[in-house]
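What follows is a short report on a single structure.
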Amino acid sequence: MENLTVILIWTAVSIAGLVILLWFFPVTLWFQALISGVRISLIQLVLMRWRKVPPGTMVMAMVTGTKAGLKLDPNELEAHYLAKGNVPNVVNALISADKANIPLDFKMAAAIDLAGRDVFEAVQMSVNPKVINTPPVTAVAKDGIQLIAKARVTVRANIKQLVGGAGEETVLARVGEGIVSSIGSSLSHKQVLENPDSISKVVLAKGLDAGTAFEILSIDIADIDIGKNIGAVLQIDQANADKNIAQARAEERRAMAVALEQEMKAKAQEARAKVIEAEAQVPLAMAEAFRSGNLGVMDYYKFKNIQADTEMRESIAKQ
């Protein structure tokens, strides 16, 4: 029994050691690469393991590329992986580009991948152009009628501009700006409705894909709807504003007239008060004149006659 136990222990230790050895020395991967025509040494695979690079990923990528007729350098693949790149995606992109006769080397593909773009999708878009639907674009023709247009933009990836080139958002913004400019320069909204392709021609002539990661192949106006009569709305708003200004000025003039009237009334009351005050002084002055002998009885009667005659004339004039 003791001998059997020892044998089992040694067997387990041997198996564990063999597993560890095969893990450090991936003989299976090396043999798979060898029969697939990929020239890579076992030492390289071991060093990959030490550098925390998965040898399986590297070997499969090299086997796939070699079978497709590509010549790949394991050191470049390992460097791209260590730079946080997607090695299988880059290899697939190189294969697709090679089959489609698109000029693309490993350095360019790696740069595109490290720039955060899907290089495989970019190659696919170069072969099969992508259609981008723009959001509704609102513009106003010169006759004041609002138009709401929707367009379909067919684009193809520009491999040379993928690194540093603007994305879809820029393309959509430029197309929207071109549509607004084209509709805004039209004399009538009827012209736009009759010839919507004129918008496409004007927008395409602007070269909107400059500096972007895409090449615009076509711009098709999918739909145009009539919106509000912006010219009429603006005229109504202007008329209301003018009316409010006129009302404010009229109110100002009315307030000034009321203030002037109140001022005149105050002055009239002040004048009447002075007249009453002066009339109150007349009896006193006459009494003083009687006492001083400056006014006689006959003079007083003449004054009364003149006063009565004056009142009679005023009453006749009022009639």
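The values are calculated or read from the model by the stated rules, or taken from the named source; none is laboratory data. Since the model is a prediction, treat every value here as computed from it, not as a measurement. To get the accessible areas, we keep the full protein, side chains included, count just its heavy atoms, and leave off ligands, DNA and RNA. Shrake-Rupley method; radii C 1.70, N 1.55, O 1.52, S 1.80 Å.
Values for this structure:
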{"read-out": "Added length on full extension, which subtracts the Cα-Cα distance from 0.36 nm per residue, Ala255 to Val127", "value": "38.3 nm"}
{"read-out": "Heavy atoms of Thr64: accessible area, 1.4 Å probe, square angstrom to 10", "value": "60"}
{"read-out": "Set of aspartates and glutamates near Lys150 by C-alpha distance (under 19 Å), chain-local residues within fewer than 8 positions excluded", "value": "Glu168, Glu169, Glu177, Glu194, Asp197, Asp209, Asp220, Asp223, Asp225"}
{"read-out": "Solvent exposure, largest accessible area first (probe 1.4 Å, DNA, RNA and ligands not counted), of Arg272, Arg51, Arg313", "value": "Arg313, Arg272, Arg51"}
{"read-out": "Exposure rank, largest accessible area first [Arg117, Arg253; 1.4 Å]", "value": "Arg253, Arg117"}
{"read-out": "Cross-link reach list, aspartates and glutamates versus Lys107, counting only Cα pairs under 12 Å and skipping chain neighbours closer than eight places", "value": "Asp73, Glu76"}
{"read-out": "Ser218 - accessible surface, heavy atoms, 1.4 Å probe, Å² rounded to 10", "value": "30"}
{"read-out": "Accessible solvent surface per residue of region 186-277, calculated while the other protein chains remain in place, 1.4 angstrom probe, Å²", "value": "71"}
{"read-out": "Under-5 Å amide H pairs with Thr212, H placed in peptide plane, nonlocal only", "value": "Ala166"}
{"read-out": "Hz values of 3J(HN,Hα) by residue in region 242-250 - Karplus curve (6.51, -1.76, 1.60), Gly and Pro given as x", "value": "4, 4, 5, 5, 4, 4, 5, 5, 5"}
{"read-out": "Candidate lysines - alpha carbon under 16 Å from Lys52, same-chain residues fewer than 8 apart omitted", "value": "Lys84"}
{"read-out": "Solvent accessible area, Å² - Lys99, 1.4 Å probe, full protein context", "value": "140"}
{"read-out": "Violating pairs (Cα-Cα greater than 32 angstrom) within the set Lys142/Lys206; Lys243/Lys267; Lys274/Lys302; Lys160/Lys201", "value": "Lys243/Lys267"}
